[in-house]
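The values are calculated or read from the model by the stated rules, or taken from the named source; none is laboratory data. Nothing here was measured: the structure is a model prediction, and the numbers come from that model. Because the Cβ atoms are built from the backbone with ideal geometry, glycine has one as well, and the counts that use them run over all protein chains shown. Only protein heavy atoms, including side chains, enter the accessible area calculation; ligands, DNA and RNA are left aside. Shrake-Rupley method; radii C 1.70, N 1.55, O 1.52, S 1.80 Å.
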Amino acid sequence: MNRTQHEQGGLPVPYIAAWSGENHRTPAVVRHPSGRGIGFADEMPYDRDADGVLWVRQSIAPGSGRALFPKVHVLRQRRAVSRMLCQVCGADTLEQDPERQLFVLKQVGQPVAEGELTTAAPVCPPCALIAVKHCPHLREHVAAWVERPLAWGVAGILYDPRTLLMVPGKDLVKVSYEDPALPWLLASRQVLSLQGCTAVDLNDLRAKAVAR
């Protein structure tokens with residue numbers, strides 16, 4: 001655990017986890033003056049990323065209130081995915097191994113596939129063992145070393161260009177950077193395409209850690 005990581009109930013709080021003191025402050029969505037997409041009435045430069053994507057607003061106050069383990073903080077997820085930071089401790093995984101990063105995903109009946117899309121950030125091997133032990137979402141999991149985690153797009157709430165109403169659906173909609181629907185999405189996650197995947201059994205990592 002790094003020096004800035006918080007604990008709650010004797011467990012490390014993941015870097016990407018949201019806290020009860022970090023409120024969503026997203027204003028009403030309006031049609032962008034250009035007519036090509038959505039925006040905020042009081043939009044500020046930091047509401048969009050370098051690709052011009054509009055993002056949910058959320059205050060930044062890690063350690064404020066209670067850790068909301070199942071919920072992900074919008075900006076920290078974005079930072080972790082774009083900068084290859086461990087989603088548990090926040091450390092730079094590229095410094096640990098510039099050639100490949102470890103990804104641990106929820107088990108859906110098959111190994112991590114080449115080109116698989118995910119909003120998950122990488123994880124340090126020691127943190128991976130902690131995550132699968134304590135995170136209910138990862139009790140059944142698959143893992144892979146990934147050589148090229150490539151920025152693919154974003155996920156969020158899609159708005160209808162005609163009515164400006166949210167498109168119904170329970171899950172976040174994934175939209176690539178080349179998709180013409182991108183200007184109509186309010187993003188809350190960055191999405192990666194995992195390339196150069198090699199399956200790994202975390203029990204092997206555990207065995208190596210014990211051997212040391």
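Observations on the structure shown:
- Charged-residue dipole, Cβ positions (Lys, Arg, Asp, Glu), region 126-212 about Cα centre, Debye nearest 20: 360
- With DNA, RNA and ligands ignored, accessible area of residue 69 (1.4 Å probe; Å², nearest 10): 90
- Rounded to the nearest 10 Å², the accessible area of residue 84 at probe 1.4 Å: 20
- A simple charge model with +1 on the Cβ of Lys and Arg, -1 on the Cβ of Asp and Glu and nothing else charged puts the dipole of region 48-87 at about 120 debye relative to its Cα centre.
- To put it simply, the accessible area of region 128-212 at a 1.4 Å probe is 56 percent carbon and sulfur.
- Lysine pair count for the chain [Cα-Cα under 28 Å; pairs on different chains or 8 or more apart]: 10
- Taking each DSSP H run with n ≥ 4 as -39500 (n - 2.57) and averaging over every residue of the chain yields -4500 deg cm²/dmol at 222 nm.
- Computing FRET efficiency as 1/(1 + (r/R0)^6) for residue 171 and residue 95, where r is the C-beta to C-beta distance and R0 is 30 Å, gives about 0.35.
- Scattering from the chain was approximated by placing one identical point on each alpha carbon and applying the Debye formula without solvent; log10 I(q)/I(0) at 0.12, 0.15 1/Å stands at -0.67, -1.00.
- Pairwise centroid distance, computed over Cα atoms, of region 18-78 with region 141-212, Å: 18
- The accessible-area ordering, largest first, of the residues 60, 38 stands as 60, 38, per a 1.4 angstrom probe.
- On a per residue basis, the chain carries 56 Å² of accessible surface, using protein heavy atoms and a 1.4 Å probe.
- Measuring nothing but how far apart in sequence close Cα pairs (under 8 Å, 6+ apart) lie, relative to its length, region 88-203 scores a relative contact order of 33 percent.
- Probe 1.4 Å, all protein chains present, accessible-area order of 6, 24, largest first: 24, 6
- The charge dipole of the chain, taken about the Cα centre with unit charges on the Cβ atoms of Lys, Arg (+1) and Asp, Glu (-1), comes to about 540 debye, rounded to the nearest 20.
- List 137, 73, ordered by accessible area with a 1.4 Å probe, largest first: 137, 73
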